[in-house]
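Notes for the one structure printed next.
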């Protein structure tokens with residue numbers, strides 16, 4: 001899902017196995033396209049590749065690896081995005097700290113089991129970031145990880 005942040009729309013590439021290792025686009029990346037109002041024909045649209053953190057690239061073609069980007073909030077007075085990776089039931093979250101140099105800071109790394117989830121071998125059906133909180137769903141539960149303060153888990157069971 002695209003993310004609109006700081007006047008640009010951002011897309012993350014996919015990492016499916018149909019790409020070969022010698023392809024330019026084998027490694028995951030984020031593409032940013034500047035948004036203009038369209039009134040001036042001379043305006044050039046800035047397109048930029050943002051690097052994904054090296055740690056996030058490792059194992060990115062594993063079948064258990066899923067990555068997405070989300071709007072995070074303000075860092076040093078600017079809106080920023082975060083990258084969330086789920087691989088082998090481990091969530092890792094990075095925050096983009098410097099847009100120009102594609103600098104990221106790892107914010108959180110936590111195993112699903114370490115969050116107190118008692119479900120055996122949970123299948124994560126999806127995840128998102130809402131108001132700075134990581135939210136993910138298994139077949140049986142929706143879990144909110146409050147990452148703003150201290151990792152705190154609130155579990156809602158639905159039948």
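The values are calculated or read from the model by the stated rules, or taken from the named source; none is laboratory data. The model shown is predicted, which means the values in this text are computed figures rather than measured ones. All Cβ positions, glycine included, derive from the backbone under ideal geometry; neighbour counts span all protein chains shown.
Of everything in the stretch 80-118 that is modelled with pLDDT under 85 and exposed (fewer than 14 other Cβ atoms within 10 Å of the Cβ), the residue that is farthest from the chain's Cα centre (by Cα) is 118. Considered as a group, the residues in the stretch 119-132 that are assigned to a strand (DSSP E or B) and either surrounded by fewer than 16 Cβ atoms within 10 Å (Cβ to Cβ) or in contact with a helix residue (DSSP H, G or I) (Cβ under 8 Å, 6 or more places away or on another chain) (or both) include one that is modelled with the lowest pLDDT, and that residue is 130. Filtering the stretch 69-88 to residues that are closer than 16 Å to residue 55 by Cα and in contact with a strand residue (DSSP E or B) (Cβ under 6 Å, 6 or more places away or on another chain) leaves 69, 82, 83, 84, 85, 86.
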